[in-house]
Amino acid sequence: MTETALKKAKLIELEEDLVTEKSGGKQLDVQFNPETFKVTYANAVKQPEGGDQAAGTSGMQFVGAGTTKLALTLWFDVTAMTDNPLDDVRRLTKDVVYFMTPGPSQRDSSKLVPPGLRFVWGSFVFDGMVEGLEESLEFFSPDGKPLRASITLTVNQQKILVAQFNDPNSAGPRAGQRPFTPAPQG
């Protein structure tokens, strides 16, 4: 039986088109994979002005493309590091904050835009732009340096993203199970 290595989630910098990986861009393996994440789909709708609410038929009106949002929490802990130990967890989290930090636009250098981000973990891929980031510092050394942190990320894409699969009809083997060898007849 072959064992599979634990896949690490990755953050990959994208070009402004939010599709193409940036050549020489930042790539970061997360320290601990998220426990859960949430994907939210929404359409742009609005209440029509002057509509007859009493009839109950005017309802909402679709006014534009939808959005997809990904929300997840990443954990960082320098006390868990055996190779190249660090004294402050912010030395790790600054690489995630990078994806929130605006830089000059490639299309118009007078404008600032944050880099595009691809979140990849196993078969889950989400491309977008970091909309929000909240860092919580949670455990401190005796001299007051933060040693553990969580970062809650919200990534937004201005369209409805549909999951893509290499082989849509294959569920593959379940983890930890092998098919039984059928017994010969007789």
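So the values come out like this:
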{"quantity": "Inter-residue pairs, beta-carbon under 8 Å, first in contact (Cβ under 8 Å) with a residue 40 or more places away in the chain and part of a loop (DSSP other than H, G, I, E, B) and in the stretch 74-101, second aromatic (F, W, Y) and surrounded by 13 or more Cβ atoms within 10 Å (Cβ to Cβ), 6+ apart", "calculated": "V89/F76"}
{"quantity": "Failed item in (1) in contact with a Leu (Cβ under 6 Å, 6 or more places away or on another chain); (2) of a type in the set (S, T, N, Q); (3) in a loop (DSSP other than H, G, I, E, B), with S110 passing the rest", "calculated": "(1)"}
{"quantity": "Hits in the stretch 133-144 - residues which are exposed (fewer than 15 other Cβ atoms within 10 Å of the Cβ) and either at pLDDT below 95 or farther than 16 Å from P34 by Cβ (or both)", "calculated": "E138, F139, F140, S141, P142, D143, G144"}
{"quantity": "Extreme residue, least open to solvent (accessible area, probe 1.4 Å), among residues of the stretch 1-51 that are among the β-branched types (V, I, T) and outside any loop (DSSP other than H, G, I, E, B)", "calculated": "I12"}
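Each row is one residue, and each column tells you yes or no for (1) open to solvent by 70 Å² or more (accessible area, probe 1.4 Å); (2) at pLDDT 85 or above; (3) touching a helix residue (DSSP H, G or I) at 6+ places or on another chain (Cβ under 8 Å); (4) over 23 Å from K22 (Cα atoms).
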site	(1), (2), (3), (4)
G103	no, yes, no, no
P115	no, yes, yes, no
V130	no, yes, yes, no
P146	no, yes, yes, yes
I151	no, yes, yes, yes
N169	yes, no, no, yes
P184	yes, no, no, yes
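The values are calculated or read from the model by the stated rules, or taken from the named source; none is laboratory data. These figures come from a predicted structure and were not determined experimentally. Virtual Cβ from ideal backbone geometry, glycine too; neighbours counted across all protein chains shown. Keep in mind that these areas ignore ligands, DNA and RNA; they rest on the heavy atoms of the full protein, side chains included. Shrake-Rupley method; radii C 1.70, N 1.55, O 1.52, S 1.80 Å.
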